[in-house]
Every structure is written in structure tokens, then in C-alpha cells.
1. Using amide H atoms built 1.01 Å from N in the peptide plane, name the residues 5+ places from T12, or on other chains, whose amide H lies under 5 Å from its own.
2. Using the Karplus curve 6.51 cos²θ - 1.76 cosθ + 1.60 with θ = phi - 60°, what ³J(HN,Hα) values do you get for each residue of segment 53-70, in whole Hz, with x for Gly and Pro?
3. Collect residues whose amide H, placed 1.01 Å from N in the peptide plane, falls under 5 Å from the amide H of G213; neighbours closer than 5 in sequence don't count.
4. Can you give the Rg/Rh ratio of the chain, where Rg is from the C-alpha atoms and Rh is the Kirkwood radius?
5. With N set to the number of residues, divide the alpha-carbon radius of gyration of segment 42-193 by 2.2 N^0.38 Å and report two decimals.
6. Which of F162, F243, F231 has the fewest other C-beta atoms within 10 Å, and how do the rest follow up to the most?
7. What ranking, highest mean first, results for peptides 184-191, 163-170 when packing means the other Cβ atoms within 10 Å averaged over each residue?
8. Say the cut-off is 19 Å between C-alpha atoms; which of K120/K182; K91/K116; K46/K69; K102/K170; K31/K226; K154/K226 go over it?
Amino acid sequence: MSFLTINNIHHTYFSKESVTSALEGISLNIKEGEFISLLGPSGCGKTTLLSIISGLLKPTEGTVKIEDKPINREHSSIGYMLQEDYLFPWKTIEENILVGLKVMDQLTDESKKNAKSLLKEIGLEGVERAYPKQLSGGMRQRAALVRTLTTNPKILLLDEPFSALDYQTKLKLEDLVSTTLKEYQKTAILVTHDIGEAIAMSDRVVLLSPNPGRVAKTFIIPEELKQLLPFFARQHPQYTALFQEIWKELDQLDINEGY
């Protein structure tokens, strides 16, 4: 039995002026602890699919189940990490990372201790009393990751969480997030436009075609790459070969769309 089952997802946006089909026939089976990247050109419905998996958006047709149970917007098994950190500027870092626990009525001495311990593990010891404006972008995203993990979600949805960062910080955070998710055995789905990021961090890369979004092709990442940190995976010969293969597939999708 799959841990996360996405079955025949279709989604259509309706307005007074038009009807737009965003997704068509998306089906994926994801194992517990697996890291999947959704890659594709603009208009392929990556973020729409992530919103459906999170329960924030109900699909026109199809189902999403975690451990064979239907997903809903109150599902506590889902953690969401976005491009913006969305830390509350008037709250300290400690207060920010405890927000999810408070909202879900899970704040105890033990859960607070665990959250502060995770903050230390992720390299943010000593910033508990600081405010977001006092931290760099990379540090704020680390804090956002801690806030996401404190509620112990079964699945993390990552919507281009590194795209607003400078390249060096992005590479460091890729390593940090990859190591942390493996350590805590979390299942993750990453939406990205970055081929290199998808290859370096994933177990599988799912390529979506646009208008409407469909699964065009799935790439299995070689074991040799999966065993490396993302930074070192980018330097492996198999990384370059796979990058070129995915690039050609994306380029063909663009040609077919007339770009």
C-alpha cells in the first residue's frame, strides 16, 4: 500500500469569462520517506497540484489519500514550506516556531523543548529572542523549516522554498533540508523550476506537461546520487547526464507548446 496515493486528479478553474483545465489525469503513488520533485514549465499546474495534496483545494475529480485515508484542509499530517518564510515580524523566532503547536493545541513543555532542540540542530542556537528582521533570508527559512517540523507532519510540501535566496545560501539550505528530512524520515514533495535542484534532492523527478498538466515522464534518480548530499551530487558525472536528459524533455515540451 502506498503512503500517499494521488488518483486520477483533474482540476478545472471556472470564471464568468472562461473555463481553464489546469490538471488532467494525474496519478502518483509515493512511498513513506520518499522525496519527489514536480518539475515542468509554467502553466503545468505544479502549485495547483500541491494545493490539492495539502487539502487547501478540492479537485474537480479524483482523490488524494494518506495511508488510505482521504485528505482534508485540517489534516495535521501535512506541513507546508513556501518561497516566503511568512514569519510574524512582531514575534521572536522562538514564538514563531511555536505557532503551529499553539494552533493545533499541541504546545507542552516537552514539545517546546523538542522545538528548541531542533532549532539548535539546524544551526540557529542563540537566536530564540531575535526578531525575523534581525536574521538573514537563509536563517529565516531555517526557522520556517523548524516551525514546519515541530508539529511532526508526515508529509512536507515544499513550494520553491529556496528560489528567493542567493545561490550560495540556496545550496547550503538544500543540503540542510535534505539531511534533516532523511534524519526524520519525512516524505516530501518539492515544486521547483530548477532541474539541478530536483535531481540533487530527489528520489524521483516527475515531469509535468502544460495546458493542462499531465505526467509527461518520471525520472528515477540513480542510487549513486541519492547517497550524496545535494552539493556533491551536482558534481557527479551521472548528474550531468541526467540534467541533459531532463533538459531535452523540457525543451521538447516547450516546442510542442509552440514557445
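Rule-based calculations on the coordinates, nothing more; no lab input. Remember, predicted model here, so these are calculated numbers, not experimental data. Using ideal geometry, Cβ is built from the backbone for each residue, glycine included, and neighbour counts are taken over all protein chains shown.
1. Here A22, T60 satisfy the definition.
2. So the Karplus estimates, Gly and Pro as x, are 4, 6, x, 6, 9, 8, x, 4, 8, x, 9, 10, 10, 10, 6, 6, 10, x Hz.
3. Amide H to amide H, under 5 Å and 5 or more residues apart or across chains, G213 pairs with L23, E24.
4. That ratio equals 0.97.
5. Rounded to two decimals, the normalised Rg is 1.05.
6. The fewest-first ordering by Cβ neighbours comes to F231, F243, F162.
7. Peptide ranking by packing, descending: 184-191, 163-170.
8. K46/K69; K102/K170; K154/K226
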